1. Considering the options A:Pro280, A:Gly175, A:Gln254, tell which one lies farthest towards the positive end of the dipole of segment A:151-291, charges being +1 on Lys and Arg and -1 on Asp and Glu at the Cβ, about the Cα centre.
2. Rounded to the nearest 100 Å², what is the sum over both chains of accessible area buried where A meets B, with a probe of 1.4 Å?
3. Of A:Ala378, A:Val300, A:Ile401, which is farthest towards the positive pole of segment A:295-410's charge dipole, taken about the Cα centre with +1 and -1 on the beta-carbons of Lys, Arg and Asp, Glu respectively?
4. What residues in segment B:85-107 lose 50 Å² or more of accessible surface when the other protein chains are added to their chain alone (1.4 Å probe)?
5. Would you compute, from DSSP H runs of 4+ residues alone, the mean residue ellipticity of chain B at 222 nm, taking -39500 (n - 2.57) per run and dividing by the full residue count, rounded to the nearest 500?
6. Please tell me which of these pairs span more than 25 angstrom C-alpha to C-alpha: A:Lys463/A:Lys581; A:Lys282/A:Lys581; A:Lys284/B:Lys56; A:Lys400/A:Lys478; A:Lys50/B:Lys116; B:Lys20/B:Lys116?
7. Solvent-accessible area per residue for segment A:44-96 at a 1.4 Å probe radius, Å²?
8. What FRET efficiency would be calculated for the residue pair B:Glu29, A:Ala67, taking the C-beta separation as r and a Förster radius of 30 Å, to the nearest 0.05?
Amino acid sequence: MQKSFFRRIKEVLGHDSAAASDLAARFLDFQAVLDGNNRTLEAMTEMGEKLGGDYLFDVNYTRSAYAALFAAISDSLRHFTLLTDNQYPRLAEVLARIDGLVQRMLTGIEPISSRLVVFYPEITWDMAEEVGGKNYHLAELANTLQLRVPEAFAITTAAFSDFFCHNGLEERLEGLGSADDGVLAELRGTILAGAFPEDFTASLASALETMRLRLGRDGKLAVRSSAEEEDGDFSFAGQFETVLNVPCTIEAVQGAYKQVVASLFQANAMSYQRQLGYDPGKLKMAVGCVAMIDARASGVIYTAAAGKDRGRMAISAAWGLGPGVVDGLTDADLYTVAKEEELRLAERRIGAKAQMVINSGGDGVETKETPVELMGRACLGETEILALAGQALAIEKYYKIPQDIEWAVDNTGRCYFLQARSLRMDESAAEATAKNIEAVPDSYPVLLRNQGVVVQRGTTAGKVFILHHIDELEHIPKGSVLVARHDSPHFVQAIPILNAIITDIGVPTSHMASICREFNIPTVVNTGSATEVLQHGQVITLQAGEGSEVVVYEGIVQSLLREARRTGAKLRELYEFRRQKYIMRYIAPLNLVNPLEQEFAPEKCKTVHDLVRFMHEKSVQALLANAGRKRRGLGGLFWHPGALRRLTLPIPVQMQVIDLGGGLRGDGAGKVTGFAEVTSVPLRAVLAGMLAPGVWQNEATALRGVDLLSGMTRAADLAGEGAAVLENVALASSVYVNMSLRFGYHFNILDCYCSETPRNNHIYFRFVGGAAAITNRSRRIALMAQVLAEHGFALKAKGDLLVGRISGQSRQEIEGILEQIGRLIGYTRQLDARLDSDEMVNTLARRFLAGDYRLAP
Amino acid sequence: MAKHSIMVIDDEKIVGDMAKLSFEQDGYEVETFLNGEAALERLQEKRFDVVVTDMKMKGMDGLEVLRTVKKLYPGVKVIMITAFANLDVAIEALRDDVHDFFPKPVKIKELKASVKRALGEE
């Protein structure tokens with residue numbers, strides 16, 4: 001023990017200047033990461049706004065705006081790599097892939113991959129264009145959501161291009177705009193008679209061999225279209241051919257492939273493409289080869305019952321294969337499931353189902369009379385219905401919009417998903433909600449006007465839900481207007497059910513703001529007083545226009561809602577507009593939400609926003625860890641004269657302050673400094689709290705024998721490495737503090753960035769230890785947790801360890817919270833020995849929050 | 001009353017398409033052109049109330065379009081949009097009696113307001 005202590009001192013002193021300059025450099029890197037992230041978020045916000053449909057822009061604009069964004073995120077990544085000693089090399093790969101995808105969108109150049117066939121498990125997040133929308137989503141259900149999807153592979157758009165090239169069809173696609181039915185029929189004929197390039201046949205044959213191994217010799221496939229945007233923003237429902245029950249032979253699958261591809265040029269499909277702004281002949285089609293399920297029953301789920309409220313889902317079911325339901329061949333069962341806290345079967349209408357579609361003995365399918373014993377019988381039992389509904393809900397939650405899902409149950413009762421796509425609602429959510437709220441007032445008093453910043457424009461109505469704690473998110477009713485003090489990326493989990501978000505405080509570039517824009521949720525932040533002015537349960541109409549054109553009416557203003565529906569509906573039908581807007585898919589969505597989850601990893605980053613979020617969180621951690629290491633060797637910390645000074649305070653706390661720049665006033669010639677010389681905003685705030693009158697507990701506390709023993713045995717493990725040289729130390733700059741305080745047997749670590757830019761700001765607070773028995777120590781943790789939760793901290797507590805973090809607050813708010821933490825540090829110093837009951841925890845927490853620091857019962 | 005007609009000239013299709021869609025929503029009649037030459041040809045056949053033109057295009061540029069329109073059809077208002085906004089071009093356009101001048105990306109709402117002013121609707 002002694003030996004290691006001296007060795008450590010020697011090590012630290014021996015590396016004085018290196019350690020010092022290293023920390024200074026890292027702090028600069030940290031600031032550069034924040035700066036790069038900010039510029040990235042600003043560029044992202046700007047692009048989102050300009051590409052959102054309110055501006056006329058050209059491709060040059062998109063190029064230059066993206067170039068600025070890419071430069072900013074690259075800067076950020078460069079400094080992040082230095083700050084973290086290249087601990088996350090995967091991030092550079094992710095950025096390169098994102099850049100590749102965006103460049104492809106900007107230039108219209110084909111995907112680089114030349115793979116002709118890809119099995120579903122190999123389909124990754126960046127392959128949407130190659131495998132088409134339908135394959136992509138189905139693979140995502142299996143790969144990401146771990147739902148059961150039949151064995152399947154995709155024939156890519158690269159294969160499609162090869163096939164067309166091989167048959168000299170490329171030229172024929174030019175000038176298809178004016179093609180009449182005769183020309184189209186001739187083209188389809190050529191496709192059906194087309195030959196396959198050798199590579200294509202070889203890849204397909206090898207994939208079919210694999211399929212035969214997995215499905216058995218008699219395995220059959222469904223050969224289905226998967227066009228570029230199919231099942232994405234547009235369903236293409238029923239536009240293309242699907243060939244069912246195809247044997248796993250090269251001849252049969254090639255025949256089916258040609259049938260499916262030829263259907264791209266059917267008259268109906270061509271007019272649909274024109275409507276979506278595709279130049280005729282431009283759309284490429286991938287194809288899916290999906291194992292046929294010998295379905296006992298199959299059907300469709302709408303996770304939001306169309307035309308009704310979003311709180312119910314509708315499941316239709318028929319005996320046999322899917323066409324029974326999707327093609328409306330039979331009078332199917334209809335089950336309605338209420339999406340309540342626990343899913344509930346709300347309604348069951350059993351159809352006659354006079355006919356059913358089955359696999360015919362050979363190839364293809366046939367429609368036959370339903371056997372008498374099955375007619376009029378429910379296809380699914382309640383347990384099956386609820387299980388299916390649960391999985392469907394998971395899909396909706398993942399995509400964050402209601403889904404239209406195809407499913408099938410086989411004879412062993414296993415349920416497979418065959419398709420999932422966005423459900424286009426007949427009515428806007430706003431109107432649906434409006435209809436469900438019965439009382440419509442006659443007049444519309446204005447509750448808020450021109451307060452706050454509009455993040456996402458729109459007009460909508462709903463009931464106000466005032467959120468006090470993050471936990472309440474689970475209880476928000478569908479169609480609510482969420483009103484909260486602060487914005488938070490946690491709100492993403494409620495977004496599928498929200499009509500609007502209004503906050504008192506917030507910025508239009510926050511993570512939450514991006515999410516709201518992505519999902520078109522009308523959102524207003526920074527209103528100052530929404531939580532005070534609006535009442536929980538009140539029915540309101542929100543009209544969010546440009547900038548700060550905000551009006552909140554009491555009641556439902558039908559005329560406004562109708563107006564909102566009429567405008568801006570057709571822009572998404574312009575192909576080039578969508579293409580430019582799709583670039584934002586690789587930029588704006590935020591997948592990494594909770595840093596405490598395992599998913600918070602470099603390989604889970606899919607967008608620029610994810611990278612920003614990841615780097616921000618890990619930069620804070622890296623700085624914290626580094627500051628912790630350096631703190632232990634005081635000799636290595638000052639790199640300019642006067643950087644290290646002893647702080648004298650009118651409370652019994654000795655503290656060393658290391659000035660990282662702008663943290664202390666004066667040159668520090670005296671090496672001793674007082675509170676008045678502290679210019680670091682966060683350090684000053686926390687000290688002000690510690691110095692607040694009545695807070696500092698000086699009374700001698702009677703430790704019982706058991707407490708003393710506990711304290712003595714814990715001293716060593718609490719102190720951890722290097723504790724012998726550990727003092728109360730604060731590393732401080734004008735906007736940053738990292739301080740470590742030790743009082744007897746417990747430790748506080750506080751890390752805080754407190755600048756004028758709210759999204760840069762964070763507080764990390766860690767408290768551990770104590771001399772009293774563990775029950776008392778845990779009670780102290782419970783008390784601190786109550787206080788911090790009140791300020792919106794995300795907390796983790798275990799035994800006598802408490803970790804809390806909060807971010808995104810304004811400078812003023814951070815200062816306020818730091819003062820409270822300062823008070824809490826002083827107040828709880830010897831509190832554990834006195835906390836004899838759980839009731840006392842609640843009493844003292846309430847008192848503390850009310851500014852009453854008395855300990856007496 | 002007959003619909004007011006607007007001509008949009010921009011060598012990037014997306015600009016014309018978006019403008020057409022936006023103005024048609026407000027009840028205007030809109031035709032789009034990818035170059036100045038084709039647009040001027042069309043002007044010989046049909047009268048437009050307002051011409052919205054990009055500045056920098058292959059072939060005839062926006063200033064040339066402006067001058068020609070003003071010379072041949074003095075009553076027609078011309079609004080210019082450009083990604084390369086600079087003062088010199090703006091001054092030159094003003095001299096040639098441009099009705100309005102916007103940098104790209106231009107807010108559709110502002111462009112609509114400008115068209116309304118050009119038509120004396122506001």
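The values are calculated or read from the model by the stated rules, or taken from the named source; none is laboratory data. All values reported here derive from a predicted model rather than from experimental measurement. Note that we place each Cβ from the backbone using ideal geometry, even for glycine, and neighbour counts take in every protein chain shown. We work out accessible area using only protein heavy atoms, side chains counted, and drop any ligands, DNA or RNA first. Shrake-Rupley method; radii C 1.70, N 1.55, O 1.52, S 1.80 Å.
1. Checking the options against the dipole of segment A:151-291, the answer is A:Gln254.
2. In total, chains A and B hide about 1800 Å² from solvent.
3. A:Ile401
4. Residues losing area: B:Pro105, B:Lys107.
5. Here the helix-only value at 222 nm equals -13500 deg cm²/dmol.
6. A:Lys463/A:Lys581; A:Lys284/B:Lys56
7. So segment A:44-96 comes to 40 Å² accessible per residue, rounded to a whole number.
8. Details: r = 38 Å, r/R0 = 1.25.
So the FRET efficiency works out to roughly 0.20.
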